[in-house]
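K.L.:
The following block contains the structure, expressed as structure tokens.
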Amino acid sequence: MTEPIHLAVALDGVGWHPAAWREECTRPREIFTAGYWARLVAEAERGLLDFVTFEDALGLQSTLPDGVDGRTDQVRGRLDAVLIAARVAPLTTRIGLIPTATTTHTEPFHVAMAIATLDHVSRGRAGWRVRVSPGRTHARHFGRRDFPRIERLPAPGDGPVARHIRELFDEAADAVEVARRLWDSWEDDAEIRDVATGRFIDRDKLHYIDFSGRWFSVKGPAITPRPPQGQPLVTALAHARIPYEFAARSADVVYVTPHTREEAAAVVRELREIPRDGDPLKIFADLVVFLGPDAAARKARLDDLDGAEFTSDAAVFTGTVEELADLLEDWRRAGIEGYRLRPGVIPHDLKAITRGLTAALRRRGLFRSAYEAPTLRGLLGLGRPVSRYARAVT
Amino acid sequence: MTDSTGTPRPARPPGTAGGGPYGPGQRPAGRPSSEPPHQRPAQRRRAVPAATRRTDRRGGAGAAGERPRKQVHLAAHFPGVNNTTVWSDPRAGSQIDFSSFVHLARTAERGKFDFFFLAEGLRLREHKGRIYDLDVVGRPESLTVLAALAAVTERIGLAATVNTTFNEPYELARRLATLDHLSGGRAAWNVVTSFDAFTGANFRRGGYLDAKDRYTRAAEFLRLSRTLWDSWQPDAILADQGTGRFLRPGGIAEVRHAGRHFTIEGHFTTPRSPQGHPVIIQAGDSDEGREFAASAAGVIFTRHATLEAGKAFYADVKRRLPKYGRAPHELKIMPGATVVVADTDAEAAELAAEIRRRQVSPQTAIALLEQVWGRDLSACDPDGPLPDIEPDLSSDIIQGRVRHGDRAALVARWREVAREKNLTIRELVIEMTGRQTFIGSPETVARRIDEYVQADAADGFILVPHLIPGGLDDFVDRVVPLLQERGVFRTEYTGTTLREHLGLGPAPGPDRYLDPPGETR
């Protein structure tokens, strides 16, 4: 049997086109309400998608690589993504929930406990999209570090900005290492409730993680018992060599941005050559999608409203769901195992994915007709890891 | 919780909000003009709904010359990690499974409580250098679990204890504002500080803070959070699809702050939330803590459990409010309390004794004795007499728990009580560490809670159940209806936000937090 395709959607505001909010079907006023996010995730779950991601950043949206642009004609403002994911968790039962959380200015301990808690409240459906925050603008929201202004991304060559970004990914790798150790720091059977000895836990099954690195040291153990999945899913978006290496080293799933099948094959090859421990990295491709027979015209109209042609780090697809299904099938032969689709306009393009695309893929035998696992790792065919500390002699 | 010490009155704000590409530099909005002038407490008390007023006679109020009855406020504290929580009971459930949180929060909401409260602990406690294993341990990250609870509750407030020492204002302010958005205006923040290197070992900004600096850090943190919350005008979002204006020009002010602990500049990410600011809770009884609460908090969570101590504390704190331009109803005083309810007073007393026994297992008795004595006493028999061993007052045998008071005096008192009452170690520890506040039949408990509130020893209580998750079931089923009959507790929520439940009025604008005129620090 053919391996099925994994499908996810990336949720951001009312869609990825900066003028999406001008479409009548959108609800731009509601993006700061719980009900809005609950409806979107329910729609994604109705489509049996593997997971949704929630965009986030420690600063306002901007058309500039580093700095606020002062524009009042695009959506500005966000809620914290981890909390949105937690808010929708009790209202859903099967779909994975992957919020973005930044490693650059945050405490690894807090982020790790928040993701572990998301895994508890969702009963094993949590993931983490790890993100770095390279710019001076966000750094000044914290005032702890003096960062260079980023003029353009990706940063050219081996200049100071490229070195700075490499350091941020090294720090992110340390943050993920801390999180992974903390998630393992309670063995699964640490809680014993032994009335005879008066002990609630077997403290030999709780472990100090004793992480010491260049940016932080974390003693441990976690304050939160081991999450239901053992290790919530770690994911990252990667466009270049440095984040590829980070993803291969630290993530379970990587989102890449090829624009052609050839580029897809090349990035898969490059990623597979990077040494890695454990399960193979799951490679997803990101695509911004405008779907329907009138997709190109819709996008052109939005481009007009925004005053610029919309382009993206990811390939921008306009066409019917059958045409998109063709493309996904084609890239799959280049080694892409799943897709994270960024709907151009929400709800229009989201519904086209959850209702149209999934049906098209299902007719081809490439997509599930029911959820087959209760956890996010399970949906992706990943097992529940044993705590690294359980293997050690204590 | 790692610490819950008071923080002092904030200094004059070093921060400003204005200018930048999104703002012409005007000050953020102050108090909305629709806000009524401060009500005097007596006026507020008269506004008891007719449906509840009819039963006033039961409590004896309403006679000529007597003041109307104050309304009781109630909160539910999900048990933290100490020996209040009895885990050995067969009915004890998980302390981490989400269903336990749902059960307790929904029970409290069924009882029309004001809010659900979570403590914080950022490092597992240690005893004699090893992780303490006798109490319930393991808890979620507070804001994340409260966001999830917002989905399965509709009205009850959601309060998180979050440390100012191991967080940054920009990030925490947006998480709190997010919780307020996602709960429709039900968020509260119990502002605590910590300075110990023990907890700091889990954080990049580590245990560097001087004890005295943590107060100034907390004050500056809160002031800066308020500046961030105020930086989006309430009407900043137009989202006008026709004209293409998403933001109103000038709707987001740039925040610039250069203070002793924080230097930040930029734009906040999150629109003004339904409550404007989450409700601020202050825990701790120190003089600085009282002053901070009087200047800035909506609720003070105290430990004063006796009627006389409660009255003195209440009077002292409320006396401090006028110099901050605040009315007495703007700060609710809510001591922590435990409740044991049974059919009769005698049965409740018996049940309370049994709970205390379960809270102090033989192993816990020795461990708590070791914490007071500061030395290893594992050879002692918990059912035997207090050993004739001198304490080691220089040693702290437990880490991660706040110590209150003078330990030498504590040892002397324990010795005296053991001698006078001829108690074994376990009996002594039960005697000295019992935490029960209200014990009795539903009628007794309702009457005593009402008495405390009417006597101005409290505005209500934060109830700490000894059992997860069903520890408040009896209270809600049997005591709340009696409080309602007495006309001192709501029968339905009348508002949707926590500020409305607490009767605090709208969130103040930035002008409300200046030092009183003519005062210098």
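K.L.:
Quick one: check the C-alpha center-to-center distance for segment A:235-282 versus segment B:389-458, whole angstrom.
P.N.:
Cα centres, segment A:235-282 to segment B:389-458: 59 Å.
K.L.:
Right, something else. Along the positive direction of the dipole of segment B:347-433 (beta-carbon charges: Lys, Arg +1; Asp, Glu -1; about the Cα centre), which of B:389, B:367, B:379 reaches farthest?
P.N.:
With unit charges placed on the Cβ atoms, the residue in question is B:367.
K.L.:
Could I ask something else about it? How many percent of all Cα-Cα pairs in segment B:347-433 sit more than 17 Å apart?
P.N.:
Of all Cα-Cα distances in segment B:347-433, 48 percent exceed 17 Å.
K.L.:
Round to the nearest 0.05 the FRET efficiency obtained for residue A:63 and residue A:323 when R0 = 51 Å and r is the Cβ-Cβ distance.
P.N.:
The pair residue A:63/residue A:323 has a calculated efficiency of 0.95.
K.L.:
Residue B:308 to residue B:211: FRET efficiency via 1/(1 + (r/R0)^6), r the Cβ-Cβ distance, R0 51 Å, to the nearest 0.05?
P.N.:
Approximately 0.95, to the nearest 0.05.
K.L.:
Explain nothing, just the number: relative contact order of segment B:347-433, from Cα pairs under 8 Å at least 6 residues apart, as a whole percent.
P.N.:
Answer for segment B:347-433 is 37 percent.
K.L.:
Sticking with this structure for a sec: Of the DSSP beta bridges with both residues in the protein assembly as shown, give the percent that are antiparallel, rounding to the nearest 5.
P.N.:
So the antiparallel bridges in the protein assembly as shown amount to around 20 percent.
K.L.:
Please get the size of the charge dipole for the protein assembly as shown, origin at its Cα centre, with Cβ charges of +1 on Lys and Arg and -1 on Asp and Glu, quoted in debye to the nearest 20. Mind showing how you got there, number by number?
P.N.:
Numbers: 125 positive and 121 negative charges, 403 e Å.
Computed charge dipole of the protein assembly as shown: roughly 1940 debye.
K.L.:
From the phi angles alone, apply the Karplus equation (6.51, -1.76, 1.60; θ = phi - 60°) to segment A:342-350 and give each ³J(HN,Hα) in whole Hz, x where the residue is Gly or Pro.
P.N.:
Computed from phi, the couplings for segment A:342-350 are 9, x, x, 9, 10, x, 3, 6, 5 Hz.
K.L.:
Tell me which residues come under 5 Å, amide H to amide H, from residue B:194 once H is placed; ignore anything under 5 positions away on its chain.
P.N.:
Correct list: B:164, B:165.
K.L.:
Of all DSSP beta bridges in chain A, what percent run antiparallel (nearest 5)?
P.N.:
10
K.L.:
Something else now. Points 7 angstrom from Cα along the Cβ direction at residue A:162 and residue B:263: gap in nanometres?
P.N.:
Computed distance between label sites residue A:162 and residue B:263 equals 3.2 nm.
K.L.:
Please compute the contact order of segment A:6-391 in relative form: average sequence separation of alpha-carbon pairs under 8 Å and at least six residues apart, divided by the residue count, as a percent.
P.N.:
Details: 731 pairs, mean separation 82.1, N = 386.
With pairs under 8 Å counted, the relative contact order is 21 percent.
K.L.:
Report the dimensions of segment B:122-263 along its three principal axes from the alpha-carbon atoms, largest first, rounded to Å.
P.N.:
68, 41, 21
K.L.:
Dipole magnitude of chain A about its Cα centre, charges +1 at Lys/Arg Cβ and -1 at Asp/Glu Cβ only, in debye to the nearest 20? Could the numbers behind the result be given before it?
P.N.:
Values: 55 positive and 56 negative charges, 139 e Å.
Using only the charged Cβ atoms, the result is roughly 660 debye.
K.L.:
Here is a follow-up. What list of ³J(HN,Hα) values in whole Hz, one per residue of segment B:95-105 in order, does the Karplus curve 6.51 cos²θ - 1.76 cosθ + 1.60 (θ = phi - 60°) give from phi, with Gly and Pro shown as x?
P.N.:
Listing the rounded values in order: 8, 10, 4, 4, 4, 5, 5, 5, 4, 5, 5 Hz.
K.L.:
Using the reciprocal of the averaged 1/r over all distinct C-alpha pairs, how large is the Kirkwood radius of the protein assembly as shown in Å?
P.N.:
29.1 Å is the Kirkwood radius here.
K.L.:
If we count other beta carbons within 10 Å of each Cβ, what is the order of B:113, A:246, fewest first?
P.N.:
A:246, B:113
K.L.:
Whole Å is fine, so just give me how far the alpha carbon centre of segment B:148-200 lies from that of segment B:311-352.
P.N.:
One Cα centre to the other: 23 Å.
K.L.:
Report, in listed order, any pair from B:112/B:318; B:70/B:112; A:282/A:351; B:112/B:323; B:128/B:212; B:212/B:323 with a Cα-Cα distance greater than 22 Å.
P.N.:
Where the Cα-Cα span goes over 22 Å, the pairs concerned are B:112/B:318; A:282/A:351; B:112/B:323; B:128/B:212; B:212/B:323.
K.L.:
Sequence-distant or interchain residues sharing an amide H contact under 5 Å with residue B:238, placed H: which?
P.N.:
The answer is B:247, B:248.
K.L.:
Related question: With a cut-off of at most 13 other beta carbons within 10 Å, and DSSP calling the residue loop, which GluC sites (Glu not before Pro) in segment A:288-343 qualify? Please list them.
P.N.:
On the way: sites: A:309, A:322, A:323, A:329, A:337; in loops: A:309, A:337.
The qualifying sites are A:309.
K.L.:
Can you give the three extents of the C-alpha atoms in chain A along their principal axes, from longest to shortest, in whole Å?
P.N.:
Each principal axis gives a Cα extent; for chain A these are 72, 50, 43 Å.
K.L.:
Select from B:463, A:250, A:133 the residue farthest towards the positive end of the dipole of the protein assembly as shown; place +1 on Cβ of Lys and Arg, -1 on Cβ of Asp and Glu, and compute about the Cα centre.
P.N.:
Result: B:463, furthest along the dipole toward the positive end.
K.L.:
Using a Gaussian network model of chain A with C-alpha springs under 10 Å, which one of A:264, A:297, A:139 is most mobile by mean-square fluctuation?
P.N.:
A:297
K.L.:
What is the magnitude of the charge dipole of segment B:204-292 about its Cα centre, with +1 placed on the Cβ of each Lys and Arg, -1 on the Cβ of each Asp and Glu, and no other charges, expressed in debye to the nearest 20? Show your work: numbers first, answer last.
P.N.:
On the way: 13 positive and 12 negative charges, 52 e Å.
I would put it at about 260 debye.
K.L.:
Dividing the alpha-carbon Rg of segment A:8-132 by 2.2 N^0.38 Å yields what?
P.N.:
1.07
K.L.:
Then there's this: How well do other chains shield peptide A:120-132, expressed as the mean number of their Cβ atoms within 10 Å of each residue Cβ?
P.N.:
2
K.L.:
Now, a different point. State the Cα centre-to-centre distance between segment B:206-242 and segment B:481-502 in whole Å.
P.N.:
31
K.L.:
What is the Cα radius of gyration of segment A:178-333 over 2.2 N^0.38 Å, N being its residue count? If you can, show how the numbers build up before the last one.
P.N.:
Working: Rg = 22.7 Å, N = 156, 2.2 N^0.38 = 15.0 Å.
After normalising by residue count via 2.2 N^0.38 Å, the value is 1.52.
K.L.:
Can you work out the FRET efficiency for the pair residue A:194 and residue A:270, with r the C-beta to C-beta distance and R0 = 35 Å, to the nearest 0.05? List each step's numbers first, then the result.
P.N.:
On the way: r = 52 Å, r/R0 = 1.49.
Efficiency at R0 = 35 Å is approximately 0.10.
K.L.:
Toward the positive end of the charge dipole of the protein assembly as shown, about the Cα centre and with charges on Cβ (Lys, Arg +1; Asp, Glu -1), which of A:347, A:169, B:442 goes farthest?
P.N.:
Final value for the positive-end residue is B:442.
Rule-based calculations on the coordinates, nothing more; no lab input. What you see is a predicted model, and the numbers here were worked out from it, not measured in a lab. Positions of Cβ are generated from backbone atoms using ideal geometry, with glycine treated the same way; all protein chains shown enter the neighbour counts.
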